[in-house]
């Protein structure tokens, strides 16, 4: 389930998805560089480098590139809350500018991503992702599409392990 909601003139995205993986495996996919480079980024993008300082206030960055060569750049931020393996909250302070034909990501304010992982039994986990702080519909919609594509790639990666 995915949605885009307007709350008090600030836009947010919500995605809920069930994975055939444990919370520990999904948490590792979001926090360990060797895993992040396997799936992070929307369809048509690849991540070739990730740096993670996994602690509250710790910084992270990912280096992404469009597979067609039209974009290359970094996205970065800091961790706000870490409750392994059930919850991860981080702030994106520098957004990927991979869709300049839609909006200028260099002018976006920080956004906050909250990942909640709930075990369902039989090796399945429900992931709930919320991203808040958007001030334009176009940026929220682009991030909704980006996360949807990224989570599809994550699902493919988790089934290969």
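Structure data summary
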read-out: Options 129, 158, 117, 154; residue that is modelled with pLDDT under 95, surrounded by 15 or more Cβ atoms within 10 Å (Cβ to Cβ) and closer than 22 Å to residue 28 by Cα; value: 158
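Condition check ((1) at pLDDT 95 or above; (2) closer than 27 Å to residue 22 by Cβ; (3) touching a helix residue (DSSP H, G or I) at 6+ places or on another chain (Cβ under 6 Å)) across all residues:
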{"position": "56", "(1), (2), (3)": "yes, yes, no"}
{"position": "60", "(1), (2), (3)": "yes, yes, no"}
{"position": "67", "(1), (2), (3)": "no, no, no"}
{"position": "70", "(1), (2), (3)": "no, no, no"}
{"position": "85", "(1), (2), (3)": "yes, yes, yes"}
{"position": "92", "(1), (2), (3)": "yes, yes, no"}
{"position": "98", "(1), (2), (3)": "no, no, no"}
{"position": "102", "(1), (2), (3)": "no, no, yes"}
{"position": "107", "(1), (2), (3)": "no, no, no"}
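Matching residues to (1) crowded, with 17+ Cβ neighbours inside 10 Å; (2) touching a helix residue (DSSP H, G or I) at 6+ places or on another chain (Cβ under 9 Å); (3) over 24 Å from residue 125 (Cβ atoms):
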residue	(1), (2), (3)
13	yes, yes, no
16	no, no, no
21	yes, yes, no
53	no, no, yes
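Quick grid of which residues meet (1) farther than 14 Å from residue 42 by Cα; (2) in contact (Cβ under 8 Å) with a residue 40 or more places away in the chain:
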| position | (1), (2) |
| --- | --- |
| 62 | no, no |
| 67 | no, no |
| 71 | no, no |
| 76 | yes, no |
| 86 | yes, yes |
| 89 | yes, no |
| 94 | yes, no |
| 99 | no, yes |
| 103 | yes, no |
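The values are calculated or read from the model by the stated rules, or taken from the named source; none is laboratory data. Bear in mind that the values here come from a model prediction, so they are computed numbers and not experimental data. Don't worry about glycine lacking a Cβ; one is built from the backbone with ideal geometry, like all the others, and counts go over all protein chains shown.
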